[in-house]
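Colleague: Dropping a structure here in structure tokens format, bear with me for questions.
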Amino acid sequence: MIKRISTWWIFLFAFFLYTEPACSQEPSVLKKNPEWKITPDKKEVKTGDEVEITFTSEIEKNWYMYSNDFDPNLGPIAASITFTKHPSFSLVGKLKSVGAKKHYEDIWKGDVSIFTGKAVFKQKIKILTANPVIKGSMEFQECNTVTGVCMPPFDPDFEVKGITVIGSQSTVNNQQSTANENQTVVSGQSVIGKIDSVSKTKSDTSTHQLINSPTHQSASGISGGNETSLWGFIIFALLGGLVAVITPCVFPMLPMTVTFFTKKSESRSEALKRAFTFGSSIVVIFTLIGIVFAFFGLGPDFGNWLSTHWVPNVLFFIIFIVFAASFLGMFEIVLPNSFVNKIDKQSNMQNFLGVFFMAFTLVLVSFSCTGPIVGSLLIEAVGGNFLKPLIGMFAFGFGLALPFTLFAVFPNWLQGLPKSGGWLNSVKVVLGFLELAFAFKFLSIPDQTYHWHLLDREVYIALWIVIFSLLGMYLIGKIKFHHDSDMPFIGVPRLGLAIITFAFVIYLIPGMFGAPLKALSGYMPPQETLDFDLFSNRQQTSSNKPQTDLGDVKYKNLFHLPHNLEGFFDYKQALAYSKKVNKPIFIDFTGHGCVNCREMEANVWSDPQVLKRLQSDFVVVAIYVDDKTELPENEWYTSIHDGKVKKSIGKQNADLQISKYNTAAQPYYVLIDGDENVLAQPKAYDREVQHFVDFLEAGKKAFYEKHPKPNS
């Protein structure tokens, strides 16, 4: 940034110093900034192919550009093109200039090389993976042959586009070390369709955003769960808004508000306009809250810290406990009365702005009921995903506003509404029990990543059994809080909820003894944390899986594979063992706090077709990207990807995934051989068992084509 600011100051100084009167025959500045045309010699390539990139720029009359093939210490700024390091390609040879002319310059006391009329550079690269990301920056200088004035150096960023990789990725040779060694600053590197001197986003930042972009993953043909989970969150937020309507703070205001619209409006059309304005205002208010949190939580690094570090998760645990206590009647979370009254006064205005403040007043006075729901949604949404808080708050506001708008459009529906009463408080209590249960999910994540062993699976399940048993007893009237109304009998709907709750408790009980509880796999601690696992012991006894001698498995005291699978937790150790036994490697990029990872293990890995193949045909290695265990100082290293020192197991594993496979999402499954050749298109979250079987079979077939069995 300092360099770019300095360049612009130099440019302005040169402009005012050297600009001549209008009658001058030759201007001292370029008519327009140089433009570059970037052309690969091949549009369609296969992995391993070489491509020659040509950079061409037209040079204005009476101007020339310094080339790159002379001593850079001589004086003039030699052209340079710097390619951003990326595992999808490597440089082949050095940058070459085409058509540059050398001559001796007295002022520099040496030979320089310049372009006139046209500048041409060529650079060969080798494509290593599909969807190559070829970016970088240029630096060059142009001078005037008449006045002798030189423009300040141009330093635009660039990107090479138009290269399509065809063919199966089973032929990919993932030459990471070669790429890292070759991707150094080369005199004269880079690419872009149109280049100007205005500063663009730094290539490192662009690469980082690309790596974590769901769009990029989709373009790579990776099946992921991001879209599914986002839609699930939207539905959850919408239901949250609808549930908020039937809380004691909001429900009594429903008939009052609708009646106000119908009686205070001069016509039916005006009443409808006010109603739609009221509903839209509620949506806008909550969306604005989402925008604030979207900017607050932007960034994958922050999202990773938020989802795995003990500080935010323990804080969220405490917040959920406070929300639960509020819903259970211990106290109310309210906003200052002075602020609420000030907003309420604005709602008396006889125009649509008054309707907006009326909606604002509803949002404020209902905060004691909606606050915990909104807070829970924002905690789930914030961190790493810009759209999630924004869309979540929009959906919540829409759900809250929808009944107000519909009842205003159809006021006769008000006659069918139940009367306010004790049932509204029961809704709050039920929400309180649910908040209490989900609070332990946040405490469970750091418990796993830091290996505290406070909430192992049986403890977690026991807490849920107690909480939902108490909820069931509350629903049938066996437990009563001080603010509950007398209940001489229970209705059929309440009885139905009680039956569902007790059935859920019965479903949980076998989990204490090892039942996988597949429906809840994403929200439970791993099966391996159970002290008394009858299910896995029985499975192990009846299994015919081959027994293997893996030797001294690194980190086996920290991590465990599901379903009694045998494997590794260190990448290099898996590579070595693969060469020893001549088997392909199944890499599982996973995390302690990864909900989708647990669902895949419980619902896909457990299938006999998948489990048999993982047991017999592959060297399995689980790479935990969020583990906080710090390594000895002699094992630390500085990442080529982001320049940061990687001190923990999780940080090093996450860096491995990003630098080698260009993604930061989990779960992420890669099939390779001992030489790190990718054998099949990597796969992410996909609960279709047959898809996973096909994935494993494709990788196994590609492996034995390259590495035949000794007896074949």
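Colleague: How long is segment 28-168 along each principal axis, judged by its Cα atoms, biggest number first, in Å?
Modeller: So the extents along the principal axes, rounded to whole Å, are 57, 29, 22.
Colleague: With only alpha-carbon atoms counted, please give the Rg and Dmax of segment 431-517, in Å.
Modeller: When restricted to Cα atoms, segment 431-517 yields Rg and Dmax of 15.3, 49 Å.
Colleague: In the calculated pair distance distribution of segment 602-648, what percentage of Cα-Cα distances lie above 14 Å?
Modeller: Beyond 14 Å sits 68 percent of the P(r) for segment 602-648.
Colleague: Among all the lysines, which ones have a C-alpha under 16 Å from Lys480's C-alpha, if same-chain residues fewer than 8 places away are not counted?
Modeller: Answer for Lys480, where 16 Å is the Cα cut-off: Lys428, listed by chain and number.
Colleague: Something else now. How large is the accessible surface of Val133 in square angstrom, using a 1.4 angstrom probe and rounding to the nearest 10?
Modeller: Approximately 10 Å² of Val133 is accessible to the 1.4 Å probe.
Colleague: Do the alpha carbons of any pairs in Lys161/Lys700; Lys85/Lys579; Lys572/Lys644; Lys572/Lys700; Lys124/Lys646; Lys46/Lys388 sit beyond 27 Å of each other, and which pairs?
Modeller: The answer is Lys161/Lys700; Lys85/Lys579; Lys124/Lys646; Lys46/Lys388.
Colleague: Below 22 Å, Cα to Cα, which lysines can Lys61 reach? Residues fewer than 8 away in the same chain don't count.
Modeller: Partners found: Lys31, Lys32, Lys37, Lys101, Lys102, Lys118, Lys194.
Colleague: When the C-alpha atoms of segment 574-626 are aligned to their principal axes, what extent does each axis show, in angstrom, from largest down?
Modeller: The principal-axis extents, from largest down, are 34, 28, 9 Å.
Colleague: Given a cut-off of 23 Å, what percent of all Cα-Cα pairs of segment 391-537 lie beyond it?
Modeller: Taking all Cα-Cα pairs of segment 391-537, the fraction more than 23 Å apart is 54 percent.
Colleague: Largest first and in whole Å, give the semi-axes of segment 50-116's equivalent ellipsoid, each being the square root of 5 times a Cα gyration tensor eigenvalue.
Modeller: 26, 15, 10
Colleague: Debye sum, Cα scatterers, segment 390-456, no solvent: what log₁₀ I/I(0) at q = 0.11, 0.21, 0.26 1/Å?
Modeller: Debye intensities relative to I(0), on a log10 scale: -0.54, -1.01, -1.06.
Colleague: With only alpha-carbon atoms counted, please give the Rg and Dmax of segment 619-712, in Å.
Modeller: 16.0, 47
The values are calculated or read from the model by the stated rules, or taken from the named source; none is laboratory data. Keep in mind the model is a prediction, meaning the values are calculated, not measured. Just the protein is used for accessible areas: all its heavy atoms, side chains included, with ligands, DNA and RNA removed. Shrake-Rupley method; radii C 1.70, N 1.55, O 1.52, S 1.80 Å.
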